[in-house]
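The values are calculated or read from the model by the stated rules, or taken from the named source; none is laboratory data. Since the structure is predicted, the reported quantities are computational estimates derived from the model, not experimental observations. Using ideal geometry, Cβ is built from the backbone for each residue, glycine included, and neighbour counts are taken over all protein chains shown.
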Ligand SMILES: NC(=O)c1ccc[n+]([C@@H]2O[C@H](COP(=O)([O-])OP(=O)(O)OC[C@H]3O[C@@H](n4cnc5c(N)ncnc54)[C@H](OP(=O)(O)O)[C@@H]3O)[C@@H](O)[C@H]2O)c1
């Protein structure tokens, strides 16, 4: 099979190569997926750079956790009826060396989830990380409730865009931040009620104004270190901040406003979702897909040979939506 790989951390063009490798054989309990699309996420870029929360410990790594395609072979114990099934995959490159940037991936059968009819492989390349992260951010700790004010920081991001939609679909009143008119339009189409340009406006003042001084019941945070200075000031009493990203690895938290406001801080990583939670997330996402309730956002597509350019596009962070490689 053709596959992209790296053997040491470093800049995309220095370390990513495309080569022929043996086709993998599914072991007991596994399926083999013929990959149609491979999603590139910020975490794949950080792992390849060696700067993420988790670095690859393998001699050779095929990157990317997300992807979609068709099951073309099964290992012992997996029903042959699954051959031909259209699937999306999760955690393909988590605690495993070989991810989806290849013509085939083998992985435990439960990590290949049946795609509802009508969902295409481009969209499905982005479910494992962006969609499941958004679902967890919205549903963690009892979940967002109808009519609650919810802040989604970065509502035009890959995760943020799904979080806006999922919170709005639950009937929450979504406030979101963006940094350009194009991103504002993207977040509005996703269902955000209030859109704040974080580069032009005083975000905390606008949130307090919009919520009549009460603040938001929930915040979904893409940049903990960037926003923690003002976040406690916009939280309603007993509010919860669900944190999935941070531009810096350390940030001071104000004790006074946090304890006086009974604020909860929920850090989480989608790779390590508790099993029961992941099952609920997959079922919830499948329902939304089957009912065609979600908008998907593919910012750019690349070929496998262009994988370095695809990684660079994610690094620049200028895209609105996901970067996808088509095999
Ligand atoms: N914990 C997890 O399991 C998990 C899962 C997925 C992703 N992540 C992490 O989450 C981050 C975002 O991932 P992504 O795929 O959604 O990336 P993305 O598509 O590049 O989106 C990031 C968004 O965040 C916005 N943003 C950046 N700094 C911000 C700030 N200080 N305040 C408000 N908005 C800000 C950006 O828009 P503007 O700068 O233009 O406003 C952009 O729209 C990455 O760091 C990624 O590693 C973590």
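Computed quantities for the displayed model
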{"item": "Qualifying positions in region 115-135 - surrounded by fewer than 24 Cβ atoms within 10 Å (Cβ to Cβ) and out of contact with any strand residue (DSSP E or B) (no Cβ under 6 Å at 6 or more places or on another chain)", "result": "116, 117, 118, 119, 120, 123"}
{"item": "Only one of 156, 192 that is under 14 Å from residue 296 (Cβ atoms) and crowded, with 19+ Cβ neighbours inside 10 Å", "result": "156"}
{"item": "Candidates 271, 265 - the one that is over 23 Å from residue 67 (Cβ atoms), at pLDDT 95 or above and surrounded by 12 or more Cβ atoms within 10 Å (Cβ to Cβ)", "result": "265"}
{"item": "Boolean, residue 122 is outside the structural domain of residue 228 (by TED's automatic domain parsing) and either at pLDDT 95 or above or part of a helix (DSSP H, G or I) (or both)", "result": "yes"}
{"item": "Residues being in a helix (DSSP H, G or I) and within 14 Å of the ligand (Cβ to nearest atom) - total across region 306-327", "result": "7"}
{"item": "Residue match in region 6-13 (condition: in contact (Cβ under 8 Å) with a residue 40 or more places away in the chain and in a strand (DSSP E or B))", "result": "yes"}
{"item": "Test: residue in region 42-54 that is outside any helix (DSSP H, G or I), touching a strand residue (DSSP E or B) at 6+ places or on another chain (Cβ under 9 Å) and assigned by TED's automatic domain parsing to the domain that holds residue 117", "result": "no"}
{"item": "Single condition residue 214 does not satisfy, out of (1) under 28 Å from residue 260 (Cα atoms); (2) within 11 Å of the ligand (Cβ to nearest atom); (3) touching a residue at least 60 places away in the same chain (Cβ under 8 Å); (4) assigned to a loop (DSSP other than H, G, I, E, B)", "result": "(2)"}
{"item": "Qualifying residue in region 27-37 (condition: free of Cβ contacts under 8 Å to residues at least 40 places away in the same chain and surrounded by fewer than 16 Cβ atoms within 10 Å (Cβ to Cβ))", "result": "no"}
{"item": "Matching residues, region 285-305, being away from the ligand (no atom under 16 Å from the Cβ) and surrounded by fewer than 17 Cβ atoms within 10 Å (Cβ to Cβ)", "result": "287, 290, 291, 292, 293, 303, 305"}
{"item": "Subset of region 142-160 that is assigned to a helix (DSSP H, G or I) and within 8 Å of the ligand (Cβ to nearest atom) - its residue that is nearest to residue 195 (Cα to Cα)", "result": "160"}
{"item": "Criterion (out of contact with any helix residue (DSSP H, G or I) (no Cβ under 7 Å at 6 or more places or on another chain), crowded, with 18+ Cβ neighbours inside 10 Å and outside any loop (DSSP other than H, G, I, E, B)) met by exactly one of 184, 242, 219, 205", "result": "184"}
{"item": "Number of positions in region 222-239 that are surrounded by fewer than 21 Cβ atoms within 10 Å (Cβ to Cβ) and either farther than 21 Å from residue 167 by Cα or within 15 Å of the ligand (Cβ to nearest atom) (or both)", "result": "7"}
{"item": "Yes/no for residue 139 being free of Cβ contacts under 8 Å to residues at least 40 places away in the same chain, more than 11 Å from the ligand (Cβ to nearest atom) and more than 15 Å from residue 234 (Cβ to Cβ)", "result": "no"}
